[in-house]
Amino acid sequence: PALLLGKAKFVYASDWNEHAIQALRRNITLNKIDPARISIKCGDSRTLAPVGCVDRVSLGLLPSSEGGWYTAVRALRRPMGGMLHIHANVPTVERDGWAA
């Protein structure tokens, strides 16, 4: 979505699931996206993520993305920072405290 609808100029993508990487590559082709606009790596994002050069990070880890927060903040462009899209499973009774 970031490349197709979100107007992203470039995307760094990583996942440790090889099937997810294969699906991403297929979707890049099917959606006629220029492959030069994306860097795809298979492995742990905590060791593969770029440092200091991105405007936003989508933390899609479930049930909690907390383990990736440090890496995500390091990836944000300096000195202005950027936006983190944090995903997590939240119990219904805590939902209002997390909603923003």
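For helix 18-30, report the angle its Cα long axis makes with the longest principal axis of the Cα atoms of the chain; keep it between 0 and 90° and round to the nearest 10°. The angle comes out near 60 degrees. Computed from backbone phi with θ = phi - 60° and the Karplus coefficients 6.51, -1.76 and 1.60, the 3J(HN,Hα) list for region 52-69 is x, 9, 10, 8, 8, 10, 9, 9, x, 6, 10, x, 9, 9, 4, x, x, 4 Hz; x is used for glycine and proline. The radius of gyration of the Cα set in the chain, together with its Dmax, comes out at 14.6, 44 angstrom.
Of the trypsin sites (Lys or Arg not before Pro) in region 1-79, the ones in a loop by DSSP (not H, G, I, E or B) with at most 16 other beta carbons within 10 Å are 7, 9, 32, 77.
Read-outs throughout are calculated quantities, based only on the coordinates presented, and are distinct from any laboratory measurement. All values derive from a computational prediction rather than experimental measurement. FYI the Cβ positions are ideal-geometry reconstructions off the backbone, even for glycines, and counts take in every protein chain you see.
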